[in-house]
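Single-structure report; data block below.
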Amino acid sequence: MPTAYVAIDAVPEDAMLALSLMDDDGNLLLPAGSPLSSATLRGLRRRGVEMIAVVVSEADPTSAPAEDLGVRMDRLAKHMRVLFRHSQAEGQVNPLFHIVLNYRQSESP
């Protein structure tokens, strides 16, 4: 299922969430496949969600706007910090974090 990362304000109503959405503490906000109604989008905005992954129609890959590379890298780094939050102590370097971050940033968008 093709996905695109889209700014929350650009998500069309009735789009479908492509990936499960978690908060900064790792709690599930919405499971993958959830329909995104206007009420759901308002609630996500109130929680500070800025971008989400939505399902893009295979027939029309341009149905969602492309994400700027800089924005994608910032979003990816933030996501990685959330995933590695328990292993990141003050002043401690986690080699696995940097290996995975470099790998993910080298993937084509």
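Key figures
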{"read-out": "Selection within segment 8-63 - surrounded by 12 or more Cβ atoms within 10 Å (Cβ to Cβ), among the hydroxyl-bearing types (Ser, Thr, Tyr) and modelled with pLDDT of 80 or more", "value": "SER20, SER34, SER37, THR40"}
{"read-out": "Segment 23-38 residues that are without any contact (Cβ under 8 Å) to a residue 12 or more places away in the chain, paired with ones that are outside any loop (DSSP other than H, G, I, E, B) and among the aliphatic types (A, V, I, L, M) (beta carbon under 7 Å, 6 or more apart)", "value": "LEU28/MET22"}
{"read-out": "Selected residue [under 17 Å from ARG75 (Cα atoms), among the aliphatic types (A, V, I, L, M), part of a strand (DSSP E or B) and in contact (Cβ under 8 Å) with a residue 60 or more places away in the chain] from VAL54, VAL6", "value": "VAL6"}
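The values are calculated or read from the model by the stated rules, or taken from the named source; none is laboratory data. Please read these numbers as outputs of a predicted model, since none were measured by experiment. We place every Cβ from the backbone using ideal geometry, glycine too, and count neighbours over all the protein chains shown.
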